[in-house]
Amino acid sequence: MKKLEIRNLHVNVEDKEILKGVDLTVNENEVHALMGPNGNGKSTLLAAIMGNPKYTVTEGTITYDGKDVLAMPVNERSIAGLFLAMQYPQEIPGVTNSDFLRAAMNVRSETPVSLFRFIKAMESTISELQMKEDLAHRFLNEGFSGGEKKRNEIVQMKMLKPSLSMLDEIDSGLDVDAIRIVGDAINSLREETGMSIIVVSHYERFLELIKPQFTHVLVDGRIITSGGPELAQKIDSEGYDWIYREFDVLPAAEAQSTKRQVTSIGTCAVRESVNQKGAK
Ligand SMILES: Nc1ncnc2c1ncn2[C@@H]1O[C@H](COP(=O)(O)OP(=O)(O)OP(=O)(O)O)[C@@H](O)[C@H]1O
Ligand SMILES: [Mg+2]
């Protein structure tokens with residue numbers, strides 16, 4: 001059984017600790033929603049799982065299907081079945097969508113994918129996502145609209161058929177019709193392959209389409225609480241304030257400014273006592 005296991009994960013970005021001990025287990029065929037306020041580490045967690053070199057793992061472990069993910073370069077993680085649909089997909093001028101996808105598919109199979117089969121699969125995926133027919137021949141994401149970039153991430157997912165898909169705000173930038181098209185495409189691949197999913201979204205509307213069985217809330221680099229779909233619904237209607245109160249936590253930005261205040265109070269106190277001594 002292909003299981004993702006994350007234990008005590010600490011991740012730094014530019015020497016600043018963003019993740020402060022994350023534990024998460026995703027079994028085969030499970031869908032997990034990852035929620036949390038802006039800037040608290042959701043994308044950082046997915047980037048660290050996928051192996052983005054900007055994100056340094058300082059402590060902890062990630063295993064997938066029993067293998068040490070942290071020991072693998074990004075391409076091996078991808079071949080092992082991990083896939084990341086990025087919050088901000090990159091433009092890669094000079095590489096066409098079809099060249100990129102065919103190369104990625106070929107490294108996954110022992111014999112090269114036949115051109116005929118590849119074109120058929122690409123055409124049907126492009127039409128399923130209701131994208132323009134010239135998509136295959138355009139440079140990867142270059143000049144794509146925000147929504148087209150997001151749909152193109154799902155084209156890649158459908159073609160590569162990963163066993164664990166991480167979808168980072170795939171719904172942001174999509175119009176109402178596109179949200180349904182993308183949701184259906186994700187669900188049909190899930191039915192076909194049994195892939196598991198970690199979905200980051202701020203919107204209950206999209207989560208209702210994907211139907212995660214589990215919800216996790218990431219605040220200031222830690223998963224503060226987990227539950228079922230009802231947790232996502234409660235966040236959608238009530239926001240995060242009740243979580244800060246109930247679990248006695250602060251979102252990353254406020255936690256930092258509180259820390260700064262404590263330091264400045266301490267400095268003043270030290271200065272004051274030195275001054276008093278000097279005065280005696
Ligand atoms: N490549 C980077 N360079 C510098 N800082 C970064 C980088 N990636 C993340 N950070 C910082 O790490 C913190 C967590 O960012 P992250 O993108 O993981 O948040 P998030 O939970 O995904 O937020 P959002 O809901 O806005 O997407 C933020 O303060 C962010 O500025
Ligand atoms: Mg993010």
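Derivation of every value follows stated rules applied to the coordinates shown; laboratory data play no part. What you are looking at is a predicted structure, and each value in this text was computed from that prediction instead of being measured. Cβ: placed from backbone, ideal geometry, glycine included. Neighbour counts: every protein chain shown.
What are the residues in the stretch 210-222 that are aliphatic (A, V, I, L, M) and either within 12 Å of ligand 1 (Cβ to nearest atom) or in contact with a Lys or Arg (Cβ under 7 Å, 6 or more places away or on another chain) (or both), if any? Within the stretch 210-222, Val217, Leu218, Val219 qualify. Taking first residues from the stretch 36-49 that are in contact (Cβ under 8 Å) with a residue 40 or more places away in the chain and more than 23 Å from Ala71 (Cβ to Cβ) and partners that are of a type in the set (Asp, Glu) and more than 7 Å from ligand 1 (Cβ to nearest atom), the Cβ contacts under 7 Å between residues at least 6 apart in sequence or on separate chains come to Asn40/Asp220. Scanning the stretch 140-160 for residues that are part of a loop (DSSP other than H, G, I, E, B) and within 15 Å of Leu129 (Cβ to Cβ) yields Asn141, Phe144, Ser145.
Looking at Ser127, Ser172, Ser165, just one residue is of a type outside the set (Val, Ile, Thr) and part of a strand (DSSP E or B), and that residue is Ser165.
At least 2 residues being under 18 Å from the mean Cα position of the chain (by Cα) and within 19 Å of Glu153 (Cα to Cα) is the threshold, and among the strands (runs of 3 or more DSSP E) wholly inside the stretch 185-254 those reaching it are 196-200.
Within the stretch 57-74, the residues that satisfy the criterion of being closer than 16 Å to Gly221 by Cβ and surrounded by 15 or more Cβ atoms within 10 Å (Cβ to Cβ) are Val57, Gly60, Ile62. May I ask you to list the residues in the stretch 26-46 that are of a type in the set (A, V, I, L, M), within 14 Å of ligand 1 (Cβ to nearest atom) and closer than 18 Å to Asn8 by Cβ? Correct list: Leu34, Leu45, Leu46.
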